[in-house]
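**Student:** Take this structure, written in structure tokens, and hold onto it; I'll ask about it next.
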Amino acid sequence: MPIQEDYRRKLLTVITEAALETHLTRDLDKLGAPGYTITNARGRGQRGVRDAGWEADSNIRVEVICDDETALRIARHLKQHYYDNYAMILTLSDVEVLRPEKFQP
Amino acid sequence: MPIQEDYRRKLLTVITEAALETHLTRDLDKLGAPGYTITNARGRGQRGVRDAGWEADSNIRVEVICDDETALRIARHLKQHYYDNYAMILTLSDVEVLRPEKFQP
Amino acid sequence: MPIQEDYRRKLLTVITEAALETHLTRDLDKLGAPGYTITNARGRGQRGVRDAGWEADSNIRVEVICDDETALRIARHLKQHYYDNYAMILTLSDVEVLRPEKFQP
Amino acid sequence: MDPIILFFLLGLAAGLLKSELRLPQAVYDFVSILLLLSIGLKGGIELQKQPFLDLAPSVLATLMIGLLMPLVAFPLLHKLGRFARADAASIAAHYGSVSVGTYAVAVAWLATREIGYEPHLPLLLVVLEIPAILVGIVLARGLSSDTKWGDVAHEVFLGKGIVLLIGGLLIGWLSDPEGLKAIEPLFMDLFKGILAIFLLEMGLIAASRAGSLKRYGLFLIAFGVAMPLFGSVVGATTGWLLGMSEGGTMLMAVLAASASYIAVPAAMRISVPEANPTLSLTASLGITFPFNVLVGIPLYWQLSEFIHRTL
Amino acid sequence: MDPIILFFLLGLAAGLLKSELRLPQAVYDFVSILLLLSIGLKGGIELQKQPFLDLAPSVLATLMIGLLMPLVAFPLLHKLGRFARADAASIAAHYGSVSVGTYAVAVAWLATREIGYEPHLPLLLVVLEIPAILVGIVLARGLSSDTKWGDVAHEVFLGKGIVLLIGGLLIGWLSDPEGLKAIEPLFMDLFKGILAIFLLEMGLIAASRAGSLKRYGLFLIAFGVAMPLFGSVVGATTGWLLGMSEGGTMLMAVLAASASYIAVPAAMRISVPEANPTLSLTASLGITFPFNVLVGIPLYWQLSEFIHRTL
Amino acid sequence: MDPIILFFLLGLAAGLLKSELRLPQAVYDFVSILLLLSIGLKGGIELQKQPFLDLAPSVLATLMIGLLMPLVAFPLLHKLGRFARADAASIAAHYGSVSVGTYAVAVAWLATREIGYEPHLPLLLVVLEIPAILVGIVLARGLSSDTKWGDVAHEVFLGKGIVLLIGGLLIGWLSDPEGLKAIEPLFMDLFKGILAIFLLEMGLIAASRAGSLKRYGLFLIAFGVAMPLFGSVVGATTGWLLGMSEGGTMLMAVLAASASYIAVPAAMRISVPEANPTLSLTASLGITFPFNVLVGIPLYWQLSEFIHRTL
Ligand SMILES: Nc1ncnc2c1ncn2[C@@H]1O[C@H](COP(=O)(O)O)[C@@H](O)[C@H]1O
Ligand SMILES: Nc1ncnc2c1ncn2[C@@H]1O[C@H](COP(=O)(O)O)[C@@H](O)[C@H]1O
Ligand SMILES: Nc1ncnc2c1ncn2[C@@H]1O[C@H](COP(=O)(O)O)[C@@H](O)[C@H]1O
Ligand code: NA
Ligand code: NA
Ligand code: NA
């Protein structure tokens, strides 16, 4: 059900500590992300329960829609800089977009 | 890993200005969306940073799960009515659902 | 665009009543979910509009990333225990993950 | 008119006219936390002045009301109203319990008129919250061994509303008077203002029930008006029999007449999940709450005066 | 200095220095709800004391200001500033309407100096909110039959700001004085403290406009300073012609000088969607609001004194 | 008992019993913003009355405490407690800094007893927030040229807590007395009530640390009790040497005895990310905060009296 040609992009989703928001968005700007969307979240993972009672226990859920290359670049950057020391997970999936030119770097 | 037959639906995700919420849900009702889910969001895109400091700078993230036809109808409607003048992006992806009959118009 | 081997997992998304949060997370712990992420939501479905004016009308959006088997186990459990009596929908989709070992039970 | 009531009407009007006015859920939570704590504190402070044993009769009588009301409501709803067993049981539980918001409006009503009342009424408010929940569960399930009473107790006693009310009571009871003075500006002086914001939101929520009201029709409306009237007679009579003042008698009427929308819905949703929450909340919030706030409270005062004059 | 102003400067500085300070949106909503209700209530209370018909001249004059200001601003923006038709119309509508925050700061300024003013000014505030929106739409679209005036009216009259202001007015007007006393601690005593928090947030928001300010350049800055100066003369003259006191004259200047950032942006976003909201909010919030709060208010007081002395 | 303490115990009990009580994060943010501003304002107002230079000795002494405490804590944690270098450094930084909540409780404790103290203590609170952070980073990293001190300074000075405290100080310092009067109802009269809500939430958060407490065991508990006791002696002695009153001496003890949970965690998370935040927050929030609030404050008062009597 393609809406138009060249319509496939990657959706990169990062769930991590709210304390990282400023740093993360700065990185995304530098790495050429065409945009991002953030929602507040809470959860549980390997680093225990983070129930959003206050700032230090809050998560954010960041979504970036972009081409494959940018997605890989961002994923590698996050893996290298944050994965060891922060509560963070990262997933990738395929989405169709309506205006592909919007999601180019 | 199908849970049952005829289990595939489209997931349409719209990220747009919070100011549109009332209008958008009215449109979704009219266009036969079987339901929708909304979360508050912030982000950056072509129209700049929208950091949810107050209503005018806030985004919403709207999800609709429905059949292909309805998804296309909604996507076309949004493209036509809102895309030029509002901060808005739109993606489509495939999901399996547990009770397919729920996601029929 | 696999980042590494054995990188595919299921993303299970549940949208349901906020009143269920404590019970649901307890169930997820028992059923071997390796983690979960929760965001606040509102919406409309077969059980009417739930507009998050107060607790009783609020939804949550729960995401679990896990292997196929766990996803099916959780889906079956939810279907059996909650589907008849609660506002709830459930979808499954495929995602690539960066550290697959994190999403094992 | 009382501005408190006007705030409720403003919310109701804004909701029915589909205005863009909405209060963030965090604001609703904040004002209801403040209200619950204030009411608890006020009760606890007064309890300091009272010999504890004297309260036994009123506590027992209140427990009886909490058991009686759902037993009256259930057959009405199940037989006459033809509601499913679970639905009837759940609605009955709501009416056996009590609405903190309605109580707060009644207290404000008395304060404006400088009418006194027995200081232990907040304790009775807490007491009345609970028994109807248990009756409701038994009505829905029978005394089956299936019910996990441990879980039910957890749900009931550790729900947000009860924890704040009881917590406030204990804090008020155990605190030094000077210490309490220092927190009065927030919990006492702002009480009516906070109540006004709360009622604005309740008006919006009540308005959002208008759709269901049409769907579930006349019987629910009739029940939502008749039940508080019946309850007020039960409550006022009990108050009078307990030898309460006119103000106290009126508040007993309010307690029995009001229907829960915090503690009971939360507990029923988990313990009797097959009951449709739309039915009970439409009755309790869409009909009985506005009825009590707009019409009931002055009526129950007249009832209390009448009883005290004639009996 | 006035602490209120310092709170605004703190927000501005924190924003410009990219500090981590952010207020949750629920807090912003809460304080602005309280402010709008307070201002409405204050107006309503004073209206109780007034024969209604006496107000007709000021209401009519205020409506005229609301029609005039956008008609002056539009050609400036469209012809001189070379803004697109929709953008010029939308900015014009913002300046024809009024900023509740600026009005609140001016009222606080007068209160500190114990200067009185006509009690019906909050009513005029409400009146001035609306006509410019309609003018703006007509300027953008012409009087085309396309415009769904029903929807526009809904957007305008049922927007959050207007509902709370008018609601507050009505509640203040219809309430018993004793009832009002009980809600004063929240709505009157806390007014300035709440205003301080609101201005802290407005400082943060104004700072976030700094980037756009650079982009849209000098003309917008000049317009954002000149327009309130012009407005203040129009407003003050009108106030004087209406026979108002010095305080009232100054507030009329403030009303005409200030630019909307609640009611008008919301209405324009829906009714004239092709107008770029960044332009109008940068002018209104990034330039005119700080200018009025920091420089304008004392200036408009001197203007009022000057007019009363010389004319 | 002091109701403030009871609110903390209520939160603790509700958390440990796994009740459904939760405060929205926006409410936590709102009350902590109000507290930080209030404390800053109070300090600034008092600073108006003081010749600035007189403060130099106390400021210097406080800076010394902030440098000393982490240097004492670090070897204890690293050598004795066998914590990794980064973890030991981070915990040490928490204990070298200060807890605004604990300070607020101590101030309320003194106010109830009408005990005075030196007006510049809020300034010292601000001063003590910062040096330990720098020491902690150096302890973790060495004086390597890698550390981006510009970023660290940004993180430290533009964090939310510091901005609000310093902002409040400046506003209090620069404002007209009459202007300040008008915002007192929010920032002064409500102070203790707001503090009560804050402590309710702190109780809930402290309770959520119970699990980690078990895991990290006895050493952390011992450290979390011994360190504030040691700190209180250092602080009280310093206060006495500076010639402070009994109240001031006690507050110096509280400053040195308390451990940060706002400014330091945020700064360490970014500057020493390999340190496990669970360890430091469990010590600071799960052990030291409750210890100080429940046991420490009266103890430090006795310590201050003792020093003043005997030395
Ligand atoms: N399997 C999972 N499914 C969904 N969300 C997860 C999962 N694991 C972790 N998360 C989220 O990612 C955050 C950080 O994860 P972790 O680094 O494993 O502690 C958690 O707080 C959750 O919100
Ligand atoms: N590439 C992207 N990835 C994720 N979210 C985006 C992206 N582009 C835009 N958005 C979101 O969509 C909103 C509107 O986008 P725009 O119309 O491009 O300004 C932004 O505020 C973001 O929340
Ligand atoms: N088709 C749908 N698309 C997206 N969300 C839905 C859909 N149907 C239901 N929902 C969400 O799931 C909740 C419960 O659905 P229901 O059980 O159908 O009332 C709703 O309140 C919505 O938030
Ligand atoms: Na009742
Ligand atoms: Na104007
Ligand atoms: Na310390």
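The values are calculated or read from the model by the stated rules, or taken from the named source; none is laboratory data. Remember, predicted model here, so these are calculated numbers, not experimental data. Cβ atoms come from the backbone with ideal geometry, glycine included; neighbour counts cover every protein chain shown. Accessible surface areas use protein heavy atoms only, side chains included; no ligands, DNA or RNA. Shrake-Rupley method; radii C 1.70, N 1.55, O 1.52, S 1.80 Å.
**Student:** Could you state how much accessible area is buried at the D-E interface, both sides summed, with a 1.4 Å probe, in Å² to the nearest 100? Don't jump to the answer; show the numbers that get you there.
**Tutor:** On the way: alone 13540 and 13580 Å², together 24910 Å².
In total, chains D and E hide about 2200 Å² from solvent.
**Student:** Another question, if that's okay. What does the accessible area per residue of chain A come to in Å², with a 1.4 Å probe and no ligands, DNA or RNA counted?
**Tutor:** Numbers: 4150 Å² over 105 residues.
Result: 39 Å² per residue.
**Student:** Going through the cross-link list A:K10/B:K79; E:K214/F:K148; C:K79/D:K79, which pairs have a Cα-Cα distance over 23 Å in this structure?
**Tutor:** Working: A:K10/B:K79 21 Å; E:K214/F:K148 29 Å; C:K79/D:K79 32 Å.
Going by Cα-Cα distance, E:K214/F:K148; C:K79/D:K79 fall outside the 23 Å limit.
**Student:** A follow-up question, please. For label points placed 7 Å from Cα toward Cβ, what is the shortest-first list of nm distances from A:R47 to its copies?
**Tutor:** Copy-to-copy label distances for A:R47: 3.4, 3.4 nm.
**Student:** Another question about this same structure. Considering Cα pairs under 8 angstrom that are at least six residues apart, work out the relative contact order of the range A:5-97 and quote it in whole percent. Show your work: numbers first, answer last.
**Tutor:** On the way: 153 pairs, mean separation 44.5, N = 93.
Result for the range A:5-97 is 48 percent.
**Student:** Would you work out what percent of the accessible area of chain D, with all protein chains in place, is carbon or sulfur (probe 1.4 Å)?
**Tutor:** Working: 7180 of 10710 Å².
Result for chain D: 67 percent of the exposed heavy-atom area is carbon or sulfur.
**Student:** Also, quick follow-up: Where does the protein assembly as shown land at 222 nm, in deg cm²/dmol rounded to the nearest 500, when only DSSP H runs of n ≥ 4 count, each adding -39500 (n - 2.57), divided by all residues? Walk me through the numbers on the way to the answer.
**Tutor:** On the way: 54 runs with 742 residues, N = 1248.
Value at 222 nm, helices only: -19000 deg cm²/dmol.
**Student:** Follow-up. Going by the alpha-carbon gyration tensor, a ≥ b ≥ c the square roots of its eigenvalues, is the range E:226-311 rounded (a/c under 1.5) or, if a/c is not under 1.5, prolate (a/b greater than b/c) versus oblate?
**Tutor:** Numbers: a/c = 3.36, a/b = 2.19, b/c = 1.53.
Verdict is prolate for the range E:226-311.
**Student:** Which is the longest run of chain E containing none of the trypsin sites (Lys or Arg not before Pro) found in DSSP loop states (not H, G, I, E, B) with at most 15 other C-beta atoms within 10 Å? Write down the numbers at each step before the final one.
**Tutor:** Details: sites that count: E:K18, E:K49, E:R82, E:R113, E:K148.
Longest gap between qualifying sites, sites excluded: E:149-311.
**Student:** Which chain B residue puts its Cβ closest to the axis that rotates B onto C, and at what distance in whole Å?
**Tutor:** Residue of B nearest the axis onto C, distance in Å: B:T39, 3.
**Student:** E:Q48 label points, 7 Å along Cα→Cβ, one per copy: pairwise distances from this copy to the rest in nm, shortest first?
**Tutor:** 3.4, 3.4
**Student:** Rounded, prolate or oblate: which fits the range E:1-128, taking a ≥ b ≥ c as square roots of the Cα gyration tensor eigenvalues, rounded meaning a/c under 1.5, else prolate when a/b beats b/c?
**Tutor:** The shape class here is oblate.
**Student:** May I ask for the angle, rounded to the nearest 10°, between helix A:68-81 and the longest principal axis of chain A, with both axes built from Cα atoms and the value confined to 0 to 90°?
**Tutor:** Helix A:68-81 and the main axis of chain A meet at about 20 degrees.
**Student:** How far apart, in nm, are two points set 7 Å out from the Cα along the Cα-to-Cβ line at D:L241 and at C:H77?
**Tutor:** Placing both labels 7 Å along Cα→Cβ, they lie 4.9 nm apart.
**Student:** Find every distance from the label point of C:G32 to the corresponding label point in the other copies (7 Å from Cα along Cα→Cβ) and write them in nm, one decimal, shortest first.
**Tutor:** Spacings between copies for this position, smallest first, are 4.2, 4.2 nm.
**Student:** Roughly how large is the A-B contact in terms of buried accessible area, totalled over both chains, probe 1.4 Å, nearest 100 Å²? Each step should come with its number before you reach the end.
**Tutor:** On the way: alone 6970 and 6980 Å², together 11800 Å².
By this definition, chains A and B bury close to 2200 Å².
**Student:** Quick one: what are the phi-derived ³J(HN,Hα) couplings along the range E:257-263, Karplus 6.51/-1.76/1.60 with θ = phi - 60°, whole Hz, x for glycine and proline?
**Tutor:** With the stated coefficients, the range E:257-263 comes to 7, 8, 10, 5, 9, 10, 5 Hz.
**Student:** What accessible area, summed over both chains, is buried at the D-C interface (1.4 Å probe, Å², nearest 100)?
**Tutor:** On the way: alone 13540 and 6970 Å², together 19280 Å².
Heavy-atom accessible area buried at this interface is about 1200 Å².
**Student:** Let me ask something additional. Go through the range F:272-287 residue by residue and turn each phi into a ³J(HN,Hα) via Karplus (6.51, -1.76, 1.60, θ = phi - 60°); whole Hz please, and just put x for glycine and proline.
**Tutor:** Residue by residue, the range F:272-287 yields 10, x, 6, 6, 7, x, 4, 4, 5, 6, 5, 5, 6, 8, x, 10 Hz.
**Student:** In a Gaussian network model over chain F where Cα atoms closer than 10 Å are linked, find which of F:V272, F:V295, F:V98 has the largest mean-square fluctuation.
**Tutor:** Taking springs between Cα atoms under 10 Å, the residue moving most is F:V295.
**Student:** Right, something else. Can you tell me the dipole magnitude for chain F around its Cα centre, using point charges on the Cβ only (Lys, Arg +1; Asp, Glu -1), in Debye to the nearest 20? Don't skip to the end; give the middle numbers.
**Tutor:** Values: 18 positive and 20 negative charges, 207 e Å.
Charge dipole of chain F: 1000 debye, to the nearest 20.
**Student:** For chain C, what % of the accessible area comes from carbon and sulfur atoms, probe 1.4 Å? Before the final figure, lay out each step's value.
**Tutor:** Values: 1880 of 4140 Å².
Using a 1.4 Å probe with all protein chains present, chain C comes out at 45 percent carbon and sulfur.
**Student:** Return the Cα extents of the range F:23-310 along principal axes one, two and three, sorted largest first, each rounded to a whole Å.
**Tutor:** 54, 45, 39
**Student:** While we're here: Estimate the FRET efficiency between D:R82 and E:R141 by the formula 1/(1 + (r/R0)^6), using the beta-carbon distance for r and 35 Å for R0, to the nearest 0.05. Don't skip to the end; give the middle numbers.
**Tutor:** Values: r = 55 Å, r/R0 = 1.57.
The pair D:R82/E:R141 has a calculated efficiency of 0.05.
**Student:** Ok, one more. Ignoring ligands, DNA and RNA, what accessible area per residue does chain F give at 1.4 Å, in Å²?
**Tutor:** Value returned for chain F: 34 Å² of accessible area per residue.
**Student:** Bin by bin, in steps of 20 Å, what percent of the Cα pairs in the protein assembly as shown do you find, going until the bin that has the longest distance?
**Tutor:** Pairs per bin, as whole percents: 11, 38, 40, 11, 0.
**Student:** What residue in chain D has the Cβ closest to the axis turning D into F, and how close is it in whole Å?
**Tutor:** Taking Cβ atoms only, the nearest residue and its distance are D:A26, 2.
**Student:** Compute the separation of the alpha-carbon centres of the range D:176-255 and the range F:268-311 and state it in Å as a whole number.
**Tutor:** Centre-to-centre distance over Cα atoms comes out at 44 Å.
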